[in-house]
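**Q** First, the structure itself, so that you have it in front of you.
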Amino acid sequence: MKRYFERINWTNLLDQKPLEEMWNDFLAKYNDALTKFVPKQPTQTHNNHKPKWMTSSVQRKIDAKEAAWERYRRRRSRYRYLIYCNKRNISTDAVRAAKHRFELNLTREVRTNPRPFYAYCRSNTTIKEEVTQMKRRDGSLTKTNLEASKLLNEEFQKVFQREDNEVPRAPNVFEGKGLTTCTFTIAEIF
């Protein structure tokens, strides 16, 4: 993918064009690269998605907890509530232990196989929402890609300073003969 972007002649592609046309050309190249180089994976539905640390024994304990809760809800009694609390505590302990075992195995294998470790870290830390709008200084939100690109362009231009063609001259503070010789010895330095 890096070589693909390096082969594109960006100056010819984006030179002498209006901003919106440059943005559309860039998006076209970007989307083309995505379709060529990023593998497509089938989307998972929430119904069949289970955590990587989930085992069948942990699932059985969670199911037993849920069944005990339903039995308690159908006919409330102190005895059924205590049974539910016991199943709840067992399933909570099992979930914690399974997560701990899974994370421990990931950390043990991180040197030989780092991909699962970093995939698990990303799944726990990434933000799932997409950025669709940007906030302007006046508080309003952008509505199109063109407005967002203009806003980004304005913000990035503030980083760079425009210099005049004339470089200011420093005033001459020394009069007479300048410093021509200077010697230092090791003894003077230390």
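The values are calculated or read from the model by the stated rules, or taken from the named source; none is laboratory data. Remember, predicted model here, so these are calculated numbers, not experimental data. Every residue, glycine as well, gets a Cβ built from its backbone with ideal geometry; the counts of neighbours run over all protein chains shown.
**Q** Has segment 91-110 got any residue that is modelled with pLDDT of 80 or more, of a type in the set (Asp, Glu) and assigned to a loop (DSSP other than H, G, I, E, B)? Spell out how you get there, then give the answer.
**A** First, pick out the residues of segment 91-110 that are modelled with pLDDT of 80 or more: 91-110.
After this cut, where a residue has to be of a type in the set (Asp, Glu) as well, the list is 93, 103, 109.
Retained after the next criterion (residues that are assigned to a loop (DSSP other than H, G, I, E, B)): 109.
Yes - at least one qualifying residue is present in segment 91-110.
**Q** Could you list, in sequence order, all residues of segment 147-190 that are over 21 Å from residue 20 (Cα atoms) and within 27 Å of the chain's Cα centre (by Cα)? Step through it out loud before you land on a result.
**A** Quick first cut of segment 147-190, residues over 21 Å from residue 20 (Cα atoms) only: 159-190.
Of everything in segment 147-190, those that are over 21 Å from residue 20 (Cα atoms) and within 27 Å of the chain's Cα centre (by Cα) turn out to be 159, 160.
**Q** Right, here's the next one. Can you find a residue in segment 127-146 that is acidic (Asp, Glu), over 24 Å from the mean Cα position of the chain (by Cα) and surrounded by 10 or more Cβ atoms within 10 Å (Cβ to Cβ)? Reasoning before the result, please.
**A** Filtering segment 127-146 down to residues acidic (Asp, Glu) leaves 129-130, 138.
From what's left, over 24 Å from the mean Cα position of the chain (by Cα): 138.
Narrowing the set further to residues that are surrounded by 10 or more Cβ atoms within 10 Å (Cβ to Cβ) leaves none.
Within segment 127-146, none of the residues are acidic (Asp, Glu), over 24 Å from the mean Cα position of the chain (by Cα) and surrounded by 10 or more Cβ atoms within 10 Å (Cβ to Cβ).
**Q** Name every residue in segment 1-60 that is loosely packed, with under 13 Cβ neighbours inside 10 Å, in a loop (DSSP other than H, G, I, E, B) and β-branched (Val, Ile, Thr), in order of residue number.
**A** Hits for segment 1-60 are 38, 43, 45.
**Q** Let me ask another. Quick check on residue 76: is it over 30 Å from residue 145 (Cα atoms) and exposed (fewer than 12 other Cβ atoms within 10 Å of the Cβ)? Talk me through it step by step, then tell me what you get.
**A** Numbers: over 30 Å from residue 145 (Cα atoms): yes; exposed (fewer than 12 other Cβ atoms within 10 Å of the Cβ): yes.
Against the criterion (over 30 Å from residue 145 (Cα atoms) and exposed (fewer than 12 other Cβ atoms within 10 Å of the Cβ)), residue 76 qualifies.
**Q** Among the residues of segment 61-73, write down those that are of a type in the set (Lys, Arg) and surrounded by fewer than 12 Cβ atoms within 10 Å (Cβ to Cβ).
**A** Step one: list which residues in segment 61-73 are of a type in the set (Lys, Arg), which gives 61, 65, 71, 73.
Within segment 61-73, 73 is the sole residue that qualifies.
**Q** Also, quick follow-up: Here are the criteria: (1) over 38 Å from the mean Cα position of the chain (by Cα); (2) part of a loop (DSSP other than H, G, I, E, B). Tell me which single one residue 70 does not satisfy.
**A** So the condition that residue 70 fails would be (2).
**Q** Residues in segment 91-111: is at least one under 30 Å from residue 25 (Cβ atoms) and free of Cβ contacts under 8 Å to residues at least 24 places away in the same chain? So that I can check it myself, show each step before the final result.
**A** The first filter runs over segment 91-111 and keeps only residues under 30 Å from residue 25 (Cβ atoms), leaving none.
No.
**Q** Looking for whichever is at pLDDT 85 or above and touching a Leu at 6+ places or on another chain (Cβ under 8 Å) here; the options are 36, 29, 52. Which one fits?
**A** Numbers: 36 fails: touching a Leu at 6+ places or on another chain (Cβ under 8 Å); 52 fails: touching a Leu at 6+ places or on another chain (Cβ under 8 Å).
Of the residues listed, the single one that is at pLDDT 85 or above and touching a Leu at 6+ places or on another chain (Cβ under 8 Å) is 29.
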